[in-house]
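Down below is the structure, laid out as structure tokens.
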Amino acid sequence: MPTPVLRIAVPSPLYRSFDYLPPPGCDPTRLKPGMRLRLPFGRSRTVGILLELSQTPQVEHHKLKAALELLDDEPLLPAELMGLLRLVSDYYHHPIGETLATALPVLLRQGSAAAAGHRALWRITAAGKEVDSDILARLAKRQADLLQRLRASRNGLTADQLSGLPRNWVDAMATLVKKGWAEAKQIPALEFGRAEPESAPDLNEAQAQTVERIGHCLGLFSPLLLDGVTGSGKTEVYLRAITAVLAAGRQALVLVPEITLTPQLVGRFKRRFSTPMVVLHSGLNDRERLNAWLLARSGEAAIVIGTRSAVFTPMQSPGIIIVDEEHDSSFKQQSGLRYSARDLAVVRARRLDIPVILGSATPSLESLLNVAQGRYQHLTLPQRAGSAKPPHIDLMDVRHQPMEDQLSAPLLRLMQQHLDQDNQVLLFLNLRGFSPTLICHECGWVAHCRRCDTHMTLHLKKRQLRCHHCGSQRPVTQQCPDCGSPDLRPLGSGTERIETALAQHLPGIGVSRIDRDSTQRKGSLEALLEEINRGGKRILIGTQMLAKGHHFPDVTLVGVLDGDQGLFGVDFRASERMAQLIIQVAGRAGRADKPGHVVIQTHHPDNPMLQLLCREGYHAYAQAAMDERHLTALPPYSHMALLRAEAAQSLQPENFLHQAEQLAQQLGSAGVELYGPMPAVMERRAGKYRYQLLLQAERRADLHRLLTPWTPQLNGLPEARKVRWSLDVDPVDLI
């Protein structure tokens with residue numbers, strides 16, 4: 001039998017696979033798609049993934065090189081996931097090698113062994129079970145407590161389950177092991193919930209009906225939009241659905257949009273389930289991520305919780321996929337392979353023939369259209385769980401009002417009233433730092449970023465100017481570089497400035513600021529949230545990190561400091577995001593027995609969309625926005641792709657896009673409109689000039705009929721080597 005040719009996906013920007021011969025001494029019958037091989041590639045070595053075996057090479061046989069080494073005994077990527085990734089490569093028109101590499105943890109891409117780490121599990125021994133009450137009474141308190149816990153535990157205890165005890169429990173456990181009353185063994189490094197999970201709360205009628213409907217969908221593909229107002233108990237519905245999936249011996253995959261939402265969700269799951277689970281997000285180190293990935297793949301982890309890249313996690317027996325806050329733009333990857341984890345969750349569920357739940361209080365217009373067209377089932381939770389009532393929302397006209405640091409006098413009075421009643425107040429401003437602009441009062445000089453077309457943001461506590469787009473920073477200058485004046489003044493307010501102002505307006509009241517700056521250290525967010533829930537801080541100020549998913553039972557007043565922020569955005573989705581953000585942050589008020597009040601400061605109280613949102617709610621707004629999109633033929637009623645290009649000189653990306661446009665015309669672009677080339681809204685960013693070419697079609701098929709031959713030929717254009725370009729299919733913004 002002739003030696004087969006290995007068709008391998010190599011992580012490179014080339015739109016093709018590469019052919020190799022099997023490694024010397026390797027039995028070709030061992031080779032299966034989804035395995036990794038170490039390869040010679042150009043002058044270096046790399047790791048590729050086997051796509052298929054073939055008898056017909058793409059090049060002359062004598063030019064084929066042999067692979068260096070087979071790295072796996074079995075496919076790391078199962079056939080189901082390999083098929084999904086090929087579809088992803090085709091749909092997003094991204095090189096197959098880079099697409100498959102995206103699905104692997106970094107260590108596997110580098111060729112590390114696919115071996116999971118371990119952790120200690122303590123169990124009681126037969127001798128420990130025989131310890132009588134007299135001996136137990138004479139033991140040190142910590143030893144006696146641990147022995148009792150081990151007796152009550154059915155499967156043993158991990159350090160994770162004992163983390164709430166004082167630190168000296170480690171020494172006490174070592175003593176029990178030394179006495180022969182406990183034993184330690186190594187098990188896979190999994191997260192575990194409580195040995196005795198908390199009982200589930202009673203469901204209201206809408207929750208019970210929703211759980212029943214989901215139960216009927218288990219074992220078959222069913223896309224379900226769980227549309228529930230904030231505080232309606234969507235997470236409890238998730239937990240009930242997962243309970244049924246686990247009872248059937250299958251796994252659950254739960255996607256959240258941001259790392260900040262992961263700890264609280266994991267905590268909720270640990271309180272409910274004793275089942276092993278893993279967490280996948282960017283805050284893990286490479287070894288932790290590899291362990292979690294492998295344990296999900298082997299089926300040892302029954303629950304997988306992660307951010308967008310977790311959609312590619314292999315699972316032994318998947319039973320359900322849940323996408324929480326499905327509307328969130330964080331589910332869209334904005335570099336490299338620009339995929340939508342929400343959309344791929346639906347595609348993967350269809351291929352696996354399992355249900356997928358998309359949950360949100362403010363569903364995306366795309367999902368609402370899928371409901372209207374009968375593609376998704378619509379599950380609604382119209383009321384808050386328990387006795388909580390929806391908050392009352394008011395627009396506060398701040399025209400002609402005295403304002404200090406975004407705080408109007410009526411808002412400060414309202415805050416004082418709620419604080420006097422021993423409640424908490426949350427203020428929302430989606431801008432971190434002290435001030436977005438530093439200006440010279442004498443000559444008008446403004447602190448610009450030297451690499452971007454934008455102002456530097458003043459971070460006063462660090463005495464730094466920072467660019468929130470490219471990350472560059474420099475010390476705050478003491479005098480104007482143009483005229484030498486020391487009269488430099490901050491314009492506008494960020495969360496840091498609001499925090500400072502609150503200390504002056506409401507002295508002696510604890511303020512907690514939650515944004516990316518205040519939560520950089522590991523564990524800092526959890527510590528801040530714990531202090532807030534203890535009542536240690538009475539005023540909360542933060543960005544969108546505070547807007548969703550958090551449960552603050554004592555927050556009765558929410559103040560949106562700048563309700564106009566999204567009204568006049570250049571992107572057509574700006575108002576949709578504004579509406580979602582306002583409703584999400586408003587949902588933090590009145591989540592327990594106390595009534596909630598939401599105040600939105602605005603200079604445009606007569607804006608019809610803002611009025612509609614506050615008067616009739618998100619769904620009335622969404623319907624109006626859908627009607628507007630339909631009239632203007634914008635998504636979700638059309639389909640887009642955005643070709644971006646950047647270079648150190650502005651002419652190069654513009655010329656490249658002109659050539660790309662001409663190529664599209666030559667290939668035939670029937671049904672597709674091309675707009676541009678045009679400069680990006682922020683033309684210069686991180687020292688590069690950015691241009692873009694927009695492609696739009698009423699029918700998705702027309703768009704992809706052009707993209708399929710067009711994209712691989714872009715690298716062959718004369719200007720291609722002078723620019724860095726990327727294609728974004730279904731872009732979530734045009735900026």
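A compact table of results
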| read-out | value |
| --- | --- |
| Subset tally (residues that are over 30 Å from G559 (Cα atoms) and either part of a helix (DSSP H, G or I) or out of contact with any strand residue (DSSP E or B) (no Cβ under 6 Å at 6 or more places or on another chain) (or both)) for the range 478-499 | 8 |
| Of all residues in the range 632-645 being hydroxyl-bearing (S, T, Y) and either under 16 Å from S340 (Cβ atoms) or surrounded by fewer than 17 Cβ atoms within 10 Å (Cβ to Cβ) (or both), the one that is farthest from the chain's Cα centre (by Cα) | T632 |
| Criterion (buried (at least 19 other Cβ atoms within 10 Å of the Cβ) and among the small types (G, A, S)) met by exactly one of S472, S485, S493 | S493 |
| Test result for H704, more than 30 Å from M415 (Cα to Cα), touching a Leu at 6+ places or on another chain (Cβ under 8 Å), at pLDDT 95 or above and not basic (K, R) | no |
| Condition met for T457 (surrounded by 17 or more Cβ atoms within 10 Å (Cβ to Cβ), under 30 Å from E646 (Cβ atoms) and under 36 Å from the mean Cα position of the chain (by Cα)) | yes |
| Test: residue in the range 45-63 that is under 27 Å from L280 (Cβ atoms), modelled with pLDDT under 95 and either surrounded by 14 or more Cβ atoms within 10 Å (Cβ to Cβ) or outside the structural domain of H281 (by TED's automatic domain parsing) (or both) | no |
| Criterion (touching a helix residue (DSSP H, G or I) at 6+ places or on another chain (Cβ under 9 Å) and crowded, with 19+ Cβ neighbours inside 10 Å) met by exactly one of A103, A140, A144, A159 | A103 |
| Number of the condition not met by S112 [criteria: (1) surrounded by 15 or more Cβ atoms within 10 Å (Cβ to Cβ); (2) more than 31 Å from the chain's Cα centre (by Cα); (3) under 27 Å from K185 (Cβ atoms)] | (2) |
| 2 or more residues surrounded by 20 or more Cβ atoms within 10 Å (Cβ to Cβ) and touching a Lys or Arg at 6+ places or on another chain (Cβ under 8 Å): qualifying strands (runs of 3 or more DSSP E) within the range 215-297 | 222-228, 277-280 |
| Count of residues meeting criterion [part of a helix (DSSP H, G or I) and within 22 Å of the chain's Cα centre (by Cα)] in the range 504-529 | 6 |
| Selection within the range 560-584 - assigned to a loop (DSSP other than H, G, I, E, B) and either among the β-branched types (V, I, T) or within 18 Å of P391 (Cβ to Cβ) (or both) | L561, G563, V570 |
| Selection within the range 12-28 - of a type outside the set (D, E, K, R), buried (at least 17 other Cβ atoms within 10 Å of the Cβ) and in contact with a Leu (Cβ under 7 Å, 6 or more places away or on another chain) | S17, Y20, L21, P22, P23 |
| Conditions (1) within 30 Å of H392 (Cα to Cα); (2) touching a Cys at 6+ places or on another chain (Cβ under 7 Å); number of the one not met by M626 | (2) |
| Single residue of A620, A648 found to be surrounded by fewer than 19 Cβ atoms within 10 Å (Cβ to Cβ) and in the same structural domain as D564 (by TED's automatic domain parsing) | A620 |
| In the range 520-534, the residues that are modelled with pLDDT under 80 and surrounded by 13 or more Cβ atoms within 10 Å (Cβ to Cβ) | L525, E526, L529, I532, N533 |
| Of residues in the range 29-44 being part of a strand (DSSP E or B) and among the hydrophobic types (A, V, I, L, M, F, W, C), the one surrounded by the most Cβ atoms within 10 Å (Cβ to Cβ) | L37 |
| Subset of the range 576-595 that is small (G, A, S) and at pLDDT below 90 - its residue that is nearest to T230 (Cα to Cα) | G587 |
| Residue under evaluation D397, criteria (1) more than 26 Å from A103 (Cβ to Cβ); (2) at pLDDT 95 or above, criterion not met | (2) |
| Inter-residue pairs, beta-carbon under 7 Å, first under 24 Å from T632 (Cα atoms) and in the range 698-727, second in a helix (DSSP H, G or I), 6+ apart | L706/A664; L706/L667; L727/T711 |
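The values are calculated or read from the model by the stated rules, or taken from the named source; none is laboratory data. Predicted, not measured: the structure shown is a model, and the values here were computed from it. No Cβ is skipped: glycine too gets one built from the backbone with ideal geometry, and neighbour counts run over all protein chains shown.
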